[in-house]
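The values are calculated or read from the model by the stated rules, or taken from the named source; none is laboratory data. Source: prediction; values computed, not measured. With ideal geometry, Cβ positions are generated from the backbone for all residues, glycine too; neighbour counts draw on all protein chains shown.
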């Protein structure tokens with residue numbers, strides 16, 4: 001179980017202290033799929049990074065399976081089963097896809113077949129990709145899919161994905177949602193996914209709307225989706241105007 | 001052939017050799033010849049012009065054979081310049097593995113300057129591997145100044161892979177490859193310096209013949225107070241294609257100068273150069289840490305991959 005208790009993150013700016021996250025408390029039960037959604041700049045990614053240890057909160061506590069991990073390093077959290085798929089994964093000159101999957105799996109002897117399975121599940125042809133470098137020559141969508149494959153290979157108890165759909169084409173997107181469904185069905189991992197996509201949101205056991213550095217709403221996908229859609233339309237002046245013209 | 005534990009370790013490091021090599025070989029140890037074997041197609045002889053070194057003659061049509069010519073320096077204070085000339089016939093496909101290992105536990109300088117000249121005949125392909133490695137806890141410097149000159153005849157090609165990872169106090173490398181019609185030169189250079197080491201690599205690829213191709217891929221890591229200078233030059237004198245790519249990772253208080261130069265003396269010459277120097281990106285370290293590596297392990301993994 002993941003517990004966030006009174007998490008705040010403030011940064012100093014010219015106008016004084018700026019609250020990126022303000023007193024967020026949240027519990028994610030085991031094996032649930034929770035989607036963080038909300039407007040850009042609302043604090044979703046910061047919150048996810050705080051769980052992984054990529055950002056240190058200025059106040060509050062993070063508990064993972066009852067253990068206080070607030071002061072643990074990224075590496076220590078990773079070894080406790082927390083994993084993180086970056087929105088914009090870094091590229092590595094010289095590091096092959098196979099090597100990256102091997103590191104992720106923690107199994108030095110990860111077989112070619114196993115690597116292929118991870119890649120196939122994200123819609124990549126393993127034979128073409130395995131020995132390629134995760135370098136600038138890979139297309140953005142490919143790097144993103146490889147990133148998701150590393151999280152699968154990691155096989156952690158907690159999987160955090162930051163906008164996994166960003167940069168992925170429609171074809172692969174269908175496969176991506178299938179992947180999340182499948183992981184969820186297997187019931188071994190807890191998932192936190194940051195997403196704006198209706199199809200991903202609709203997979204969630206719980207949807208958390210993060211905006212203005214706070215949790216604005218929580219509920220099931222059925223409850224939250226209509227609210228998001230109406231809010232989106234309501235706050236868009238063009239849509240309102242067109243609607244009015246009818 | 002007398003072999004000590006130091007010899008065995010050096011041979012493995014520089015030539016991946018375990019035990020006696022298969023095929024043609026010449027092992028030079030502390031200025032003497034410690035073993036030599038010619039084969040039916042590869043003849044190795046001492047030079048006859050008074051200079052130190054060997055002549056290697058590879059007959060036309062030699063395919064799939066390997067020639068090892070490692071050099072070991074295990075005594076402090078040895079300084080030598082060695083001239084090795086390779087005459088490779090037509091239609092060959094051979095692997096040549098050179099390399100030098102210095103074990104210097106003394107206070108005097110150990111230096112090996114290997115001057116290699118390759119004459120590669122028509123339509124022959126040579127894969128030339130050269131590893132430099134030095135160890136020893138003495139105060140004496142461990143120095144390599146290799147020169148490699150390659151003449152590629154029509155349709156000939158060379159893939160030259162050089163590696164120098166750690167231990168070498170000072171190196172000044174000079175490489176020149178002249179490509180004839182349809183010839184191709186691919187040079188990969190891997191270098192890691194640390195401490196107060198110095199490394200300079202001066203390279204000139206001359207694309208003389210029509211449809212000649214040249215490619216230089218240089219990757220280096222400079223750590224601590226070490227410094228490196230790269231000067232790869234590609235000259236296009238005909239319809240040709242050349243690409244120079246230099247990437248360096250800089251760490252600590254190291255310094256790197258990278259000066260790629262391309263010269264076209266023909267309107268049909270197509271030449272590209274790229275050079276980049278930068279530190280290890282923070283997001284690369286973070287990504288590997290999220291996969292369970294410590295910061296040190298992540299750094300090591302990035303450097304190993306980069307220099308692989």
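Numbers below:
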read-out	value
Residues (within 8 Å of chain A (Cβ to nearest Cβ), buried (at least 16 other Cβ atoms within 10 Å of the Cβ), touching a helix residue (DSSP H, G or I) at 6+ places or on another chain (Cβ under 7 Å) and not in a loop (DSSP other than H, G, I, E, B)) located in region B:280-308	B:284, B:286, B:288, B:289, B:290, B:301, B:302, B:305
Test: residue A:131 is touching a strand residue (DSSP E or B) at 6+ places or on another chain (Cβ under 6 Å), over 30 Å from residue A:206 (Cβ atoms) and more than 11 Å from chain B (Cβ to nearest Cβ)	yes
Breaking point among (1) more than 12 Å from chain B (Cβ to nearest Cβ); (2) within 18 Å of the chain's Cα centre (by Cα), for residue A:119	(2)
Unmet requirement for residue A:47, which otherwise passes all of (1) outside any helix (DSSP H, G or I); (2) at pLDDT 95 or above; (3) touching a strand residue (DSSP E or B) at 6+ places or on another chain (Cβ under 9 Å); (4) more than 14 Å from every other protein chain (Cβ to nearest Cβ)	(1)
Qualifying residue in region A:56-71 (condition: touching a residue at least 12 places away in the same chain (Cβ under 8 Å), outside any loop (DSSP other than H, G, I, E, B), within 28 Å of residue A:221 (Cβ to Cβ) and under 15 Å from the mean Cα position of the chain (by Cα))	no
Failed item, numbered, when residue B:56 is tested on (1) buried (at least 20 other Cβ atoms within 10 Å of the Cβ); (2) closer than 26 Å to residue B:76 by Cα	(2)
Identity of the residue in region A:84-105, part of a helix (DSSP H, G or I) and over 22 Å from the mean Cα position of the chain (by Cα), that ends up nearest to the other protein chains (Cβ to nearest Cβ)	A:99
Hits in region B:92-114 (condition: under 14 Å from residue B:57 (Cα atoms) and surrounded by fewer than 18 Cβ atoms within 10 Å (Cβ to Cβ))	B:93, B:95
Unique residue being in contact with a helix residue (DSSP H, G or I) (Cβ under 7 Å, 6 or more places away or on another chain) and at pLDDT 95 or above when the list is B:221, B:187	B:221
Among (1) away from chain B (no Cβ under 14 Å); (2) modelled with pLDDT of 95 or more; (3) out of contact with any strand residue (DSSP E or B) (no Cβ under 7 Å at 6 or more places or on another chain), the one test that residue A:12 misses	(2)
Residue within region B:253-270 that is part of a loop (DSSP other than H, G, I, E, B), more than 10 Å from every other protein chain (Cβ to nearest Cβ) and farther than 24 Å from residue B:215 by Cα present	yes
Verdict on residue B:218 being within 14 Å of another protein chain (Cβ to nearest Cβ) and either in a loop (DSSP other than H, G, I, E, B) or surrounded by 20 or more Cβ atoms within 10 Å (Cβ to Cβ) (or both)	yes
Filter result (assigned to a loop (DSSP other than H, G, I, E, B) and in contact (Cβ under 8 Å) with a residue 12 or more places away in the chain) within region B:16-39	B:16, B:17, B:20, B:21, B:22, B:23, B:30, B:31, B:38, B:39
Test: residue A:227 is assigned to a helix (DSSP H, G or I), within 27 Å of residue A:19 (Cα to Cα) and modelled with pLDDT under 90	yes
